[in-house]
Amino acid sequence: MNEIAEIINGTLHSGIPVKITEYSIDSRTVVSPEHTLFFALTGSNHNGHDYISTLYANGMRAFVINEYREEFTTLTEANFIHVENVLVALQQLARHHRQQIITPVIGITGSNGKTIVKEWIYQLMSASNSLKIYRSPRSYNSQVGVPLSLLGIEHDTDYSIIEAGISRKGEMSRLEKMIQPTIGIFTHLGDAHDENFTSKEEKLAEKAKLFRSCKWVIGQAGETLEHIRSYLPSSVSFLLWGEDKNADVQTETLYISKGHRHVQVYYKGHVFTLEIPFSDLVSYENCMNAVCLLLWMSTPVDILAERVRHLSTIAMRMEIKDGINHCTLVNDYYNSDPSSFRMALNMLAIQDATKERVVILSDFMDTGMDKEELYTLVSQMLCVANISLFIGIGKQLCKYRHIFPDNSRFYEDTEHFLRQEERDNFNNQIILIKGARAFQFEYIAGFLQKQSHSTILEVDLDAMVHNLNHFRSLTDAHIAVMVKAFSYGSGSREIASLLQYHRVDYLMVAFADEGIELRAAGITIPIAVMNPEREAFDNMIMFNLEPEIYALDILEDFNRALNKHGIKRFPVHIKLNTGMNRSGFDEQDLPHLLEFFQTERSVYIRSMFSHLAGSDETMHDEFTLGQIHLFERMTERIQAQFNYKIWRHILNSAGIERFPQYHFDMVRLGIGLHGISATHANLQPVSSFKTYISSIRKVPEGQSIGYGRKSYTTRPSRIAVIPVGYADGLNRHLSNRVGNVFIKGKRVPIIGNICMDTCMIDVTDTNAAIGDEVEIFGKHILVSELSEQLGTIPYEILTGISHRVKRVYYKE
């Protein structure tokens, strides 16, 4: 503590000895209070000094303050460092810590893209297991966030990646003194915070200050980087990329296909192609900034190209929830600017097409644009997005209400909205709730959110996209995704909308009514039905649902149904039995199948496929290869009789990973989309089954718990009740300490028999309280672990979650 006090020019009031390993400005985020130094920052709406007594009671013993209160005299074990300005002290400590770091620090600034470039650099660099990489947490790039980021760098770190964001003049000089980057990256110059600068040139000059001590600066060749060069000493070298012939790294977009951009790169005599797994221009620019850093590090181009193919999405959190009166809420009240608003409207567009679109929007903050020009742009966006109702909240929107359609409604603030609107005003709509944090739109979300069972299945849409992109990176074949059985418990409509947006080639359902539901929700991409029932043929034809045909009599009956409707060339999918022995044409059936097609028919074969019985286990590989070779023989025989190309597919999720040489024309992605890998690939859990503690009671030693008296307390215990039972999908075999749940950073046992609607957990060894979140499976207890414990498969766990459990969808 003495050393820290000296570094930050403070006066130490000593308490008990403390070893500091962590630093905090937020009392809610403290994990190890006994080793944390708390900086009591004072702002317009909070004062960190107000929380010191509570933190002391929770075990914290070290504080940096600028006011000494009488109540602190009772905190006899506390160490107080008294300084003139707590924020300056925090920055001084971070600057000192940075000066002890001898390895390269990468500093990133720009109006947009800082976090994405940082995260993509981290993804590209961390693929090398030999490097220890550190990066700023989340978007910690402010006057407070940067010093906290720097204080997290350990001395054995090989590279550190730090963001720097500013909103007004004078801020970058303070950040630069702390960060002192070795290499700088400039992402983009946009309109954010223009109002705080006299011109764009002044803002650019301020941002350029970050690079004054750099050895190298990376960015896109052009006028902006030339301006930056003019502000810096001649000792700073530049590595510029772009289509400009003078760029150090010359690029050329070859083509865009299936959401991927293929870019040819010329650098130091090397010519290579990058397959960027995103097609948009912004992602291309962000990716090339990251790529150039890896080129500066002399990363072999073949390794770099492979890593780029596996980049995953980074974005801000957005939630999709059930609302009142059959509404769906798209909650995005974490940021507010025109770009993010456009992204939110895109998210709105992929929701249920049968429902009207409603937008609830707050004033934009700190955009720097002329207000009338800004809200004219917003009004135009709303028209393009076909919004039925617009509700504007904020004084600026009220002022410019004349710009918006006549049926719009306006309120000065959130309180007026809540006071004047009625819940019955919203019915069967998709509602985007988008606003700046200051407007507290979470209250509007609460007002409109469906109130029901507190047990939820949380579905991480970003994790699902990550997993989809992983499998896309493994194949050039078309991708069909299984969305049968309520999308493995995740929710059919929402998942299908996401997959359609990300341009998968086919969806596959079990029964026709599942496909009809998706068509009603606005899903237009091809849908195949795995179990076509004859009574559903008419609906399948009406809704353009393509049947799996596994027997000749079904093929004949479906062809007759098409003739009745006068339909020609309707696609079907021929199923072949290669060893699963569940359904499908056997090899000896092929002459009869081919004979059927010797005359003109109303059906045509879109694909031929089969199912693998054991592709996820090496012990079955010989059998699996036998299935595949039989499939090849059968499909070659069929294809020879037709003058058009028929797709072939046999691989499921495990097969995609384990048998890449047999991807054929299409692959079928199922459980892999939900985070289950046969090769232990870096997939992400998608579904988290969560609930909350509804009550806690103290139970003496030796007391029985629950029905049947199968469990007893072995000590004085705290027993919590959680509102989830076997009717929700919590398997009863997990009763009586067989299963665990995750709460407050620990696993705790389920005690007693699981009831229909509730169960009990032993929280004696935690400080759990009523209302605390409980994870049954998710990111801490994997669904694969749970299935192994129960002697079953992840499919059963996921599809067993009751429909009464509310699904909550979110994306970053």
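The values are calculated or read from the model by the stated rules, or taken from the named source; none is laboratory data. Just so it is clear, the structure is predicted and the values come from calculations on it, not from any experiment. No Cβ is skipped: glycine too gets one built from the backbone with ideal geometry, and neighbour counts run over all protein chains shown.
Looking at (1) more than 18 Å from Leu150 (Cα to Cα); (2) touching a residue at least 24 places away in the same chain (Cβ under 8 Å); (3) out of contact with any strand residue (DSSP E or B) (no Cβ under 6 Å at 6 or more places or on another chain); (4) outside any helix (DSSP H, G or I), which is the one condition that is false for Thr54?
(4)
Out of the stretch 713-745, which residues are within 24 Å of Glu796 (Cβ to Cβ), surrounded by 19 or more Cβ atoms within 10 Å (Cβ to Cβ) and of a type in the set (Val, Ile, Thr)?
Passing the criteria: Ile722, Val724, Val741.
Out of the stretch 761-778, which residues are surrounded by 15 or more Cβ atoms within 10 Å (Cβ to Cβ) and modelled with pLDDT of 90 or more?
Listed by number, the residues that qualify are Ile761, Asp762, Val763, Thr764, Thr766, Val774, Glu775, Ile776, Phe777, Gly778.
How do the helices (runs of 4 or more DSSP H) wholly within the stretch 315-401 filter down when requiring 2 or more residues that are surrounded by 18 or more Cβ atoms within 10 Å (Cβ to Cβ) and either at pLDDT 80 or above or over 24 Å from the mean Cα position of the chain (by Cα) (or both): which remain? Spell out how you get there, then give the answer.
Numbers: elements: 338-349, 371-384, 395-399.
So the answer is 338-349, 371-384.
What number of residues within the stretch 594-612 satisfy the criterion of being within 46 Å of the chain's Cα centre (by Cα) and either assigned to a strand (DSSP E or B) or closer than 19 Å to Asp557 by Cβ (or both)?
To start, the set of residues in the stretch 594-612 that are within 46 Å of the chain's Cα centre (by Cα) comprises 602-612.
Then drop every residue that is not either assigned to a strand (DSSP E or B) or closer than 19 Å to Asp557 by Cβ (or both), which leaves 602-609.
So the count comes out to 8.
So is Leu240 farther than 30 Å from Val504 by Cα, under 32 Å from the mean Cα position of the chain (by Cα) and part of a helix (DSSP H, G or I) or not?
Working: farther than 30 Å from Val504 by Cα: yes; under 32 Å from the mean Cα position of the chain (by Cα): yes; part of a helix (DSSP H, G or I): no.
Considered against the rule, which asks whether it is farther than 30 Å from Val504 by Cα, under 32 Å from the mean Cα position of the chain (by Cα) and part of a helix (DSSP H, G or I), Leu240 comes out as no.
Filter the stretch 647-695 for residues that are more than 22 Å from Gly579 (Cβ to Cβ) and either assigned to a strand (DSSP E or B) or at pLDDT 95 or above (or both) and give the result.
If the condition is that a residue be more than 22 Å from Gly579 (Cβ to Cβ) and either assigned to a strand (DSSP E or B) or at pLDDT 95 or above (or both), then Ser687, Ser688, Phe689, Lys690, Thr691, Tyr692, Ser695 are the ones that fit.
Are any residues in the stretch 613-635 surrounded by fewer than 19 Cβ atoms within 10 Å (Cβ to Cβ) and in a helix (DSSP H, G or I), and if so, which ones?
Step one: of the stretch 613-635, the residues surrounded by fewer than 19 Cβ atoms within 10 Å (Cβ to Cβ) are 613-614, 617-623, 625-626, 629-630, 632-633.
Residues satisfying the conditions are Thr618, Met619, His620, Asp621, Glu622, Phe623, Leu625, Gly626, His629, Leu630, Glu632, Arg633.
Which of the numbered conditions does Thr599 fail, given that it passes all the others? Conditions: (1) surrounded by fewer than 20 Cβ atoms within 10 Å (Cβ to Cβ); (2) over 30 Å from His470 (Cα atoms); (3) modelled with pLDDT of 95 or more.
(3)
Which members of the stretch 112-133 meet the condition of being surrounded by fewer than 21 Cβ atoms within 10 Å (Cβ to Cβ) and more than 18 Å from the chain's Cα centre (by Cα)?
Once the filter is applied, which keeps residues that are surrounded by fewer than 21 Cβ atoms within 10 Å (Cβ to Cβ) and more than 18 Å from the chain's Cα centre (by Cα), the stretch 112-133 yields Asn112, Ser126, Ala127, Ser128, Asn129, Ser130, Leu131, Lys132, Ile133.
For the stretch 774-800, give me each residue that is assigned to a helix (DSSP H, G or I), over 25 Å from the mean Cα position of the chain (by Cα) and not aliphatic (A, V, I, L, M). If you could, list the steps in order and put the result at the bottom.
Within the stretch 774-800, the subset assigned to a helix (DSSP H, G or I) is 783-790, 794-799.
Narrowing the set further to residues that are over 25 Å from the mean Cα position of the chain (by Cα) leaves 788-790.
Within the stretch 774-800, Glu788, Gln789 meet the criteria.
If you take the residues in the stretch 440-472 that are in a helix (DSSP H, G or I) and in contact with a Gly (Cβ under 7 Å, 6 or more places away or on another chain), which one is surrounded by the fewest Cβ atoms within 10 Å (Cβ to Cβ)? It would help to see each step written out before you state the result.
First, pick out the residues of the stretch 440-472 that are in a helix (DSSP H, G or I): 442-448, 461-472.
From what is left, the residues that are in contact with a Gly (Cβ under 7 Å, 6 or more places away or on another chain) are 448, 463, 467, 471.
Working: Leu448: 23, Ala463: 23, Asn467: 27, Phe471: 20.
So the residue we want is Phe471.
Of the residues His97, His82, which single one is surrounded by fewer than 22 Cβ atoms within 10 Å (Cβ to Cβ) and touching a Ser or Thr at 6+ places or on another chain (Cβ under 6 Å)?
On the way: His97 fails: touching a Ser or Thr at 6+ places or on another chain (Cβ under 6 Å).
Result of the check over His97, His82: His82.
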